[in-house]
Each structure stands twice: as structure tokens, then as C-alpha cells.
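A.B. asks: I'd like to ask some things about the structure below.
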Amino acid sequence: MRYTDFFSKFYMGRSSSGILGHKSKEKIPEYFMKAALIEDCYDRLPTSSSSYGKWFDGTRSPENVIWGLVVSNFNEEGFIDKVTRDLNDSVLRNIMVSFKIELDEGEAPDKRLFAYALAKQFYAIAQGNGNADDVVEHFYKPDAHIISFPEYADRTKSKYEKTETPFSDGEERLLEDVYVCNILSSRLTDTKNRHSRTQEKTILNANLDLIAEYSKKVILVANGGIGKSMMLQHLFLESIQNHMDTGILPIMIELRDFSENNDLFNDYIVKTAGTFDRNLTNRKMDELMSSGKCQILMDGADEIDPSDINAFQRQIVELADRYPYNQYVIASRECDVIKAVKGFSKLYLRPFNREQSSTLINNLLADSEDEAIRDKIINYLESEYLQKHKVFASNPMLLTFVIMKYPIVDPFEGKKRLFYRTVYDAIVCGHDEEKKGYSRVFRSAQNAEEFTKVFREFCAVTYIKHEVEFDLDTFDEYFSNLVTKDTLENPKIMTSKNFIYDACAAACMMYEEDIKLIYIDPGFQEYLFAQYYFLAAPEELETLGRTLWDVSITDFDGYDAFEMLYEFSTEKFERYFLKPYLHNIFNSKSEIIEFISFLRYGYREFEYQVIDTEMVAVYSSKNSAEWIHLKPIIVEPSSIIFSILLQRLDISRFLCLSVFENALNYPEFMTAGIFGEHYFDPQDNKKKIIPRRLLRQDTNDLQAYERTHSVENYVRDDDQRLVCFGYEYKVDFDKVLEEPEDYSALINILKTPEEDVWKAFCKVKGCYEELIKKYGD
């Protein structure tokens, strides 16, 4: 049907009209365009009657942009209300006949149902830019328009209104009592870019009507544990509550067992609907779907077997094309399955903000007799350690774990290994038994234990390389070198693709973001690293320890992983990490060599400053200015093993000596000259001299430096030369070890009994001697 055919059916000549008050040819196209749109869109329609007249005659077609406006902003309910009011009863039967609707003798026309069918026809014409199949007769079906199915509503409500609270031994609660709705966003990540935010669509309290305003075909995307399945259940319940008034039928289907041999319509939609109401037959469902009266909610698209993905992608597109007037919502993590589903828009579930987390705590603890436990849990989540791992407050699944297991996990504070073991086991191994909705089917392994065996090695080798996120090529490279994957019962299924699926969907330990794979929380990587080396052979442990002699704590963003390894086995840590490291320092050497080795393997380099205090006094007096002292240089350990050892011995990790005797002038170690710049401080109205560091090459060629830099305010002597007040040095202890006699002055100052560095040396050496007594040479 062309648009001209549609308009012409309502023109009866000047004496009458199919639409009351609209007899002229020009008025009919204008009427239907405005009926289809909200008033805010009227200013984008033609203002000339002649344009509408040409549309009626077909001498000019509405531009595609006009049809696009109708498709994007179609106001179906408004169209139905307006047309129902304005249809001319005296010619209604004739108009219906022209649309191929035959009424039985004595059968009264249903104006609203006819208006509903006209809405579907006009929308289809707009979608086809002026052309569409004749669909009015298919939508003039009284039993498919406003009929309700009370048995279906009652039985599905009974099924979905309760949920088993995760990690609570199967306890059931009303969903509405515990559920906290995620914010939906059209963007993957929150953006601070002002221009980008204007393009972003957000939905705060999601329901299917609000989602439909964004798109009738949507994929809800989120990582493991964010709440995709719970949101579908929430959307279903809100819709079924209104079913008796709307006739809209929400249908929830599970996709995890979809097969290419299945048909989405017959084996899922019809079968699911018929399970709850035998009246919902294949024929009835076809009528309902044809009339656009269904909301199809599909969960677990990311759990479809890889061999069946192409079949699903083809069928979902065909289903939406065959029944275009329904609403379709798919829930999935970001994966290959949804990337090739055409015509669907994405909405992303945001992790919880602070307010949502607090609401979930209150909801889950509403029946708790101990009112103080809420504050204890909040304090626990805000502790220093979990503030570093904020995913436990923003991921609903992990937050639920903390809430429901708080009496158990609270004693773990300070024992990171026990905390992460409990969480990992609950999510990856034990969660299946508690909640069917979170059932884990591993593709790469026979069970959770086999998966963990490989994932543990992956975490270990990537942690040592300081890798916490991966592109696919990097991931594949690490995966291909794993040894444990070849020891499984069925190593053929342990492919990189299956392993990624299990890490993201089955175990919820990683997630995909853009083209990257990222750990859901680095603490799990650290825990499994520690567990891997706890189980490793002594030779492998000792080899690892040697690789860490010159690796700093900053490379690992802290030493939580090594603390967990220490918790696993103090003996292994001391025997294979600490003792070989300290043996390298204290092995049958003179005290001086041991001390220098202590500095070399503890700090590697050492920075200090030498200031000519007499010169400072002279120029401060001469210029009536205060000398601003340089901030001391703080040296941190160069070895993570040394850092852990200092922590265990309650010794400060920092080495800081700022001013030395002028005798400690070692030109080979000089890195900067220290000069001074005049400065007037308006806050206290005093003149000051601010130290300025000039790099070694600039200090050695001051004339060149003055030609290229602004130095007019620098302190100068009587000959107008820049005054050097001292130098900064960086000692390379490898060089000191080669020729210790050349650096006796430096060594003597560092080993002064009153200095902290000498005290630390003595304490560490005592620890080594204890380890020798404990484990032998």
C-alpha cells in the first residue's frame, strides 16, 4: 500500500469525509501526519496546504526525512485516541471494506480496534518510506488487541515475584523488597566530556516503557554480577502487574540452552507462554505477536554455545522482522554473540553508586534483629583495604556476598588470603548450588576445579609481568604458554576462546571492555598468584624469588600478593624468598662489604645533597634573605622482597639523609648543581632565596645555560657569576662494591651507629642469622 492509497480511502468528495471535519484532499495527509506525531514535532512538517495536496495526489512524495521523523517519534496511543474520536461513523463500514475488512451482518465495527490497525499500517508505510504491505486486516483482531490472560499473569507472577538471595543458603525474598535497579546508559562508561554527555541517554528507574522510548529492540549489556538477570526479572514483574489493563504480554525466555535445531518462536516463545496458560497456543501467539502485544525478554545470550551463535543471530533478526511491532530485550555480557545482532541498540547497566549500595545493604538487612550490623558492614566496606578494592561496593553480586557473609568475612580483615579464598570459592565453586539463575557451565573445563587449575597459572604468570588487562593477542600469547591446560581430562576443549568465556561469564573473574580483557578485581589475580606459588615446587619458588631481587614494590602496586603468599606458608616464604636473598648479602663477607651489599640490594641507588652552609650564610646575610631549605630526597627500597622484610621487622622503608659533609664530593655521582633564585614572598613580606637545581650538563656549562634560560634573578657573586651552593649526587652501589676503599667517607657516615640505616642493617642481619639457625645454611 502506497501512502496515496492510504490517504485516498478517507476522501469522499466535498459532501463527506472519512475523518470528521477534514473533507478536502489537502487536510487528510496533514491530519494523519499530525495524528502520528506529538505536537513538538509539528514545526518540522510543511506549513503549505499545497504540499499536502501534492502528497494526496502523488505528484510529490514526502521526503524520507519526514518518514524518518514519523518512525522515530511515532505516537501510537495518541494516533489511536485521535483517530477513534474522528472516524466518521456514517462511512466507517465503507472505509473498512476498502481496507479489506469484511464485517458480518449485524456486527458492529470496533472503532478503536480499527484505529489501532490503521496505526500499524501508517507506521509500516513510514518505515517503508511511503510503501508497505497491506496489514490493516491482520491487525483488526479483537482477541489480539485488548484481551488479557489472567492465568498466565497469576502463574508467572508467582514464579518471578520471589528470588533466592545469593549466598544465603537458598533464602527466598520478594524481589521488590530487595531489588535495587541499576542505572541504564547508552554509553559503555561514564564520561566527563560535556559534549558527549549531551548525546547520552540514561534511565534511572528502568521499566519496559522507558526502555521502549529509547528503542523497541535493546540489548542490556553488563559484566558478570552487575545484575542483568535480576533486571529482566524486575522488568517482567512491572509489566505483568499491568497486563490486565494493557493486554501486553511479557514473556521471559532463557537462551543458555539454545540450539541451532531450535526455533525461537515455537520452541521458546510459544512453549514458554503455553507452560503458564494452555490458551496461549501457537496460533494465539502468532496473533498476539502480529498485533505487537508482546514483550520478549531474553536472558543469557552470552551463554549460547559457540556452535549455535550464528543460528541465534539469524533467528533473532528474522523474528524481529516477522513481528516488528513487539518489544525485544536481550540481556548479555559484551561478547561476540551480540556484536553481530543487527538492528538492536545497546543499553549498559552501570555499577552501583554509593546510594544504591547503601540501599541494597538496607534491603538485605531489613529483617535483621541487630540494627548495628548495617553500620558495621558500611565501615567494613569503607576500610582502607576494601576502599582499594571498590568493586566490592559497586558490583551487586560481590556486595551481596559481603552483606550476607559479613559475620564470616569480618574476621578476615587483615587476612587477605582467607577473604579472597572465601569470595572465589563462593562465586566460582559454590554459587551453583545456591542459585539456579547463576548456574555456571564451563566450556573450557569439566568443572570449576579444572578451570581454576589453569586460571591460577594464568594469574601467576601475568601478575609477575605486571599485566592486569589484555588485548586478545596478548591474552592468546599468555594462554598458549600455559602448562596446566595440557594436563586436563579433555585438553581439546581448553581453547583460548572457551577460556575467555569461562573467565568472564562462568567464573565472573574478568570482563570485556572495548577490545580489552580486565580482571574484575586485581585481588583475585593476587590471591591465585599466591596460591599457585604456594603449590609450586621449591625450585620454582626459589627461581621466582631471584627474579624479584631487583624488582620494586611500585611495579606491583603494593605487596598484597606476597603478603597472601606469606599467609599461605611462612616457611616457604622465608626458606625460598628471604633466605636466598639475604644469603646473597651476608654470605661470608667482611662487615663493610656486607653493609654495601645491603645498600646495593636494598636500595640500589642512593641520592643525597651537599650544601655549603657557610656560603648560604654569607649570601643570606648579604641579601637580607632567608634560605629555603631543599626538601630531603627520600629513597625507597629497590626490591619488593626487601620491602616486605622491612615491614615484617617494623623498620621504616624510607632512607633519607639530606645534608652531608663537603668531603662527600664524588664528581662521578654528581647529577645536579644547586643554585639560588631571589624571591619576595608577599605572604610574609620577606625576601627569600629559593634553591634551583640545574642538571649536571648545565652546571658544567653555565654560560650556555644563561644564553637559553631566564636567570636574571639568580644569586650572583661579585664577578656576576652564578653562585653554586652545593651539589646533588646519586650513588651507584654497584660501583661502590667494586672499589669500596674509594668511598670510605660515605660508608663511614652511613654506618654511624646513630643513623637509622645502620640500625636497619643490624636488624636485618640478625634476621638472616635467625633464618640460618631455623633452616640451615
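A.B. asks: Report, in whole Å, the centroid distance computed from the Cα atoms of the stretch 698-724 and the stretch 508-558.
C.D. replies: One Cα centre to the other: 50 Å.
A.B. asks: With unit charges on the beta carbons (Lys and Arg positive, Asp and Glu negative) and the dipole taken about the Cα centre of the chain, which residue among Gln683, Leu528, Val71 sits farthest to the positive side?
C.D. replies: Value: Val71.
A.B. asks: Against the 2.2 N^0.38 Å scaling, with N counting residues, where does the stretch 80-165 land? I'd like the Cα-based Rg ratio to two decimal places. Could the numbers behind the result be given before it?
C.D. replies: Values: Rg = 17.7 Å, N = 86, 2.2 N^0.38 = 12.0 Å.
It is 1.48.
A.B. asks: Take the alpha-carbon positions of the stretch 3-140, form their convex hull, and give its projected area averaged over all directions (one quarter of the hull surface) in nm². The partial results should precede the final answer.
C.D. replies: Working: hull surface 31.0 nm².
Projected over every direction and averaged, the Cα hull of the stretch 3-140 covers 7.8 nm².
A.B. asks: Over 28 Å between Cα atoms, which of Lys631/Lys687; Lys687/Lys730; Lys157/Lys216 qualify?
C.D. replies: Numbers: Lys631/Lys687 19 Å; Lys687/Lys730 31 Å; Lys157/Lys216 23 Å.
Beyond 28 Å: Lys687/Lys730.
A.B. asks: Here's something else I'd like to know. Leaving out same-chain residues fewer than 8 places away, which aspartates and glutamates sit with a Cα under 13 Å from that of Lys751?
C.D. replies: Correct list for Lys751: Glu591, Glu594.
A.B. asks: Please list, in order along the stretch 747-757, the HN-Hα scalar couplings obtained from phi with the Karplus expression 6.51 cos²θ - 1.76 cosθ + 1.60 (θ = phi - 60°), rounded to whole Hz, x for Gly and Pro.
C.D. replies: Computed from phi, the couplings for the stretch 747-757 are 5, 5, 5, 5, 8, 4, x, 6, 7, 5, 5 Hz.
A.B. asks: To continue, here is another question. Read phi for every residue in the stretch 39-52 and hand back ³J(HN,Hα) as whole Hz from Karplus 6.51 cos²θ - 1.76 cosθ + 1.60, θ = phi - 60°, with x for Gly and Pro.
C.D. replies: 4, 5, 9, 4, 5, 9, 8, x, 9, 8, 5, 5, 5, 5
A.B. asks: Please report, in debye to the nearest 20, how large the charge dipole of the chain is about its Cα centre when each Lys and Arg carries +1 at its beta carbon and each Asp and Glu carries -1 there.
C.D. replies: Working: 93 positive and 130 negative charges, 497 e Å.
Its charge dipole is roughly 2380 debye.
A.B. asks: What does the convex hull of the alpha-carbon atoms of the chain project to on average, in nm²? Mind dumping the intermediate values first?
C.D. replies: Details: hull surface 198.6 nm².
Convex hull of Cα atoms, orientation-averaged projection: 49.7 nm².
A.B. asks: On a C-alpha basis, how far is the centre of the stretch 234-255 from the centre of the stretch 256-282 in Å? Whole number, if you could?
C.D. replies: Taking the Cα centre of each part, the stretch 234-255 and the stretch 256-282 sit 16 Å apart.
A.B. asks: Sticking with this one: Around Pro691, under 11 Å between beta carbons, what's the net of Lys plus Arg minus Asp minus Glu among the other residues?
C.D. replies: Working: positive: Lys631, Lys688, Arg692, Arg693; negative: Glu677, Glu728.
For residues surrounding Pro691, the net value is +2.
A.B. asks: Further question: In degrees from 0 to 90, rounded to the nearest 10, what is the angle of the helix 448-464 Cα long axis to the longest principal axis of the chain?
C.D. replies: 50 degrees
A.B. asks: Could I ask something else about it? Which percent of Cα-Cα pairs in the stretch 150-349 sits in each 10 Å bin, short to long?
C.D. replies: 8, 35, 38, 17, 2, 0
A.B. asks: Another question about this same structure. 222 nm [θ] for the chain, helices only, -39500 (n - 2.57) per DSSP H run of 4+, per residue, to 500?
C.D. replies: On the way: 43 runs with 365 residues, N = 777.
Helix-only estimate at 222 nm: -13000 deg cm²/dmol.
A.B. asks: Something else about it: What are the extents of the Cα atoms of the stretch 628-777 along their three principal axes, listed from largest to smallest and rounded to whole Å?
C.D. replies: Per principal axis, max minus min of the Cα coordinates gives 66, 40, 26 Å.
A.B. asks: Arrange the peptides 748-759, 561-572, 39-50 so that the one whose residues have, on average, the most other Cβ atoms within 10 Å appears first. Walk me through the numbers before you get to the answer.
C.D. replies: On the way: 748-759: 14.3, 561-572: 19.2, 39-50: 11.5.
Peptide ranking by packing, descending: 561-572, 748-759, 39-50.
A.B. asks: Farthest toward the dipole's positive end in the stretch 150-349, which of Gln327, Gly300, Val178, given Cβ charges of +1 (Lys, Arg) and -1 (Asp, Glu) about the Cα centre?
C.D. replies: Sorting the options by dipole projection puts first Gln327.
A.B. asks: Here's a follow-up. I need the peptides 119-131, 470-482 ranked by packing, meaning the mean over residues of other C-beta atoms within 10 angstrom, with the highest value on top.
C.D. replies: Numbers: 119-131: 20.1, 470-482: 15.1.
Sorting 119-131, 470-482 by mean packing, highest first, produces 119-131, 470-482.
A.B. asks: Based on the alpha-carbon gyration tensor of the stretch 267-380 and its eigenvalue square roots a ≥ b ≥ c, which shape applies: rounded if a/c is under 1.5, prolate if not and a/b is larger than b/c, or oblate? Numbers along the way, then the final one.
C.D. replies: Values: a/c = 2.94, a/b = 1.87, b/c = 1.57.
Prolate shape, in that a/c is at least 1.5 and a/b is the bigger ratio.
A.B. asks: Test of understanding: ordering Arg707, Arg417 by Cβ neighbours within 10 Å, fewest first, what list do you get?
C.D. replies: Values: Arg707 9, Arg417 21.
Fewest-to-most ranking of Arg707, Arg417: Arg707, Arg417.
A.B. asks: Just want the answer: with Cβ charges of +1 for Lys and Arg and -1 for Asp and Glu, which residue in Ile373, Val731, Ser239 is farthest toward the dipole's positive end in the chain?
C.D. replies: The residue sitting farthest along the positive end of the dipole is Ser239.
A.B. asks: While we're looking at this one, here's another question. Can you tell me the orientation of helix 27-36 relative to the chain, as the angle in degrees between its alpha-carbon axis and the longest Cα principal axis, to the nearest 10?
C.D. replies: 40 degrees
A.B. asks: As I understand it, the value is the acute angle between the Cα axis of helix 76-86 and the longest principal axis of the Cα atoms of the chain; what does it come to in degrees, rounded to 10?
C.D. replies: 20 degrees
A.B. asks: What are the ³J(HN,Hα) couplings of the stretch 549-554, residue after residue, when phi is run through the Karplus curve with 6.51, -1.76, 1.60 and θ = phi - 60°? Round to Hz, x for glycine and proline.
C.D. replies: Using θ = phi - 60°, the values come out as 4, 10, 10, 7, 4, 5 Hz.
A.B. asks: Sorted by mean Cβ packing within 10 Å, highest first, what order do the peptides 83-95, 634-646 take?
C.D. replies: Details: 83-95: 16.2, 634-646: 20.8.
Highest mean packing first, the order is 634-646, 83-95.
A.B. asks: Another question, if that's okay. Does the stretch 448-535 classify as rounded, prolate or oblate by the C-alpha gyration tensor (a ≥ b ≥ c root eigenvalues; a/c under 1.5 gives rounded; else a/b over b/c gives prolate, otherwise oblate)?
C.D. replies: Working: a/c = 1.42, a/b = 1.09, b/c = 1.30.
Here the stretch 448-535 falls in the rounded category.
Where a number appears in this text, it was derived from the coordinates with a stated rule and is not lab data. Computed from a predicted model, the values in this text were never measured in an experiment. Methodologically, a virtual Cβ is constructed for each residue, glycine included, from the backbone with ideal geometry; neighbour enumeration extends over all protein chains shown.
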